[in-house]
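Structure first, then comments.
Computed from the coordinates by the stated procedures, all read-outs in this text should not be read as laboratory data. Note that the structure is predicted; figures quoted are calculated from it, not measured. Positions of Cβ are generated from backbone atoms using ideal geometry, with glycine treated the same way; all protein chains shown enter the neighbour counts.
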Amino acid sequence: MTTASPAQQGPTPLASSSSIQQQRLPQQPPQQHAGLRTPSNRKTIYDRNLNRTRTAELSRASFAYLFGEMVGYAQKRVTGIQDLERRLNEAGYPLGQRLLPLLLLRSSTPTHPAPRPIRILPLLQFIAHTLWRHLFARSADSIESSSTNNHEYMISDNEPLVNQYISVPKEMSQLNCAAYVAGIIEGVCCGVGCKAGVSAHNAGEQGGLWPGKTVFLIRFDEDVVKREGTK
Amino acid sequence: MQQVVYSLIIINKAGGLVYNRDFNNALNKVSVNDLLVLAGTFHGVHAITKSLTPSSLGIPSYQRTGIEVLESSHFRLTCFPTFTGTKFLLFTEPHQPNVDVIIRKVYELYADYVTKNPFYQLEMPIRCEAFDRHLMTYMRAR
């Protein structure tokens, strides 16, 4: 009798769990058929921030640890400073390519779609203001054009967020970890069709007001400048 | 009455000196060797005092703390041990109030500019320019 009852109890839990599963299954297909949810205000998931509320914040410390680990990871696999900067640049490139259509979509309304910037100056303004504000909650500090070379433009940032907690040792003083941000800029430029090479350079004086000032040098290709017309 | 912090020493898990900074130029210069000996000695004394806690108090061994404050008529030494074994030693005037506020700020600066620096190896001497800069700014501004 004692052996009979467990045997009777044995199959029944399985049967109930399968019935629960069977109860769950019919619920799934209707949600799949509903497609992309469009609530009454016609905003899709692409219009919303990843964090639902506007005031939701990400932890700067988490990003700092993640970025520090990225730099450390790259450092173990490279031969020199140029290679390290190239790796960081390549890490930021897909980010720029993905941010470009997202930011354009978010800044456009059904009546006024935001056009993709195709000329150099609107592109630089898009990067320095829209992109910077999306990433760092502030605008870049200045846009300059090089007087010697009409291919080159410079966007400067007095204190890049990615460099805030990083102190580069003296023997690697040429390194600027904002090469990651340079990669993001390069992704955006190539995404609009104005191919460019972007690099980050230290412009801060020791003991000055902004010791971490970084200048992003944007070197556009020949054809882009030719397309732009004569300066 | 001058509220003065004299110097800061950071000791790693093994008892080695990883950081040393004087904030007052009137102090006698101590040689690096003496500082290393000081750090190692304090590390040993701290460990000894930890095991001197009377067992009759019923405190489990992982909650016992070692020496926290060492005071003389000329200075006060406050020790802040972290959960990872790093010790922050702050030398101040004997009547300095708010020492724990200062130490907490120093710990915050350490957590920011040393641990988030990818070029810093743990338990190695601290050579982070941003840490030095922010520490001096904080000490000068108080």
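Can you bin the stretch A:52-162 into rounded, prolate or oblate? Criterion: square roots of the alpha carbon gyration tensor eigenvalues sorted a ≥ b ≥ c, rounded for a/c under 1.5, prolate for a/b above b/c, oblate for the rest. Judged from the Cα gyration tensor, the stretch A:52-162 comes out oblate (a/c at least 1.5, b/c at or above a/b). Given the C-alpha centroids of the stretch A:162-231 and the stretch A:76-152, what is the distance between them in whole angstrom? A separation of 10 Å, based on Cα centres.
Bridgeable aspartates and glutamates around B:LYS116 (alpha carbons under 14 Å apart, same-chain partners fewer than 8 residues away excluded): A:GLU69, B:GLU108, B:GLU129. Other residues within the sphere of radius under 11 Å centred on the Cβ of A:CYS189, judged by their own Cβ, net out at 0 (K and R +1, D and E -1).
According to the calculation over all Cα-Cα pairs in chain B, the P(r) per 5 Å bin from zero is 2, 9, 19, 22, 21, 15, 8, 4, 2, 0 %.
When the Cα gyration tensor is reduced to axis lengths a ≥ b ≥ c, the ratio a/c is 1.5 or higher for the protein assembly as shown, and with a/b not above b/c it is classed as oblate.
Setting aside same-chain residues fewer than 8 positions from A:LYS226, which lysines have a Cα under 19 Å from its Cα? Of all the lysines, those that pass the test against A:LYS226 - Cα under 19 Å, at least 8 places apart if same chain - are A:LYS195. Which of these, B:VAL69, B:VAL106, B:VAL18, has the largest mean-square fluctuation under a Gaussian network model of chain B (Cα springs below 10 Å)? Comparing B:VAL69, B:VAL106, B:VAL18 in a Gaussian network model of chain B, the most mobile one is B:VAL69.
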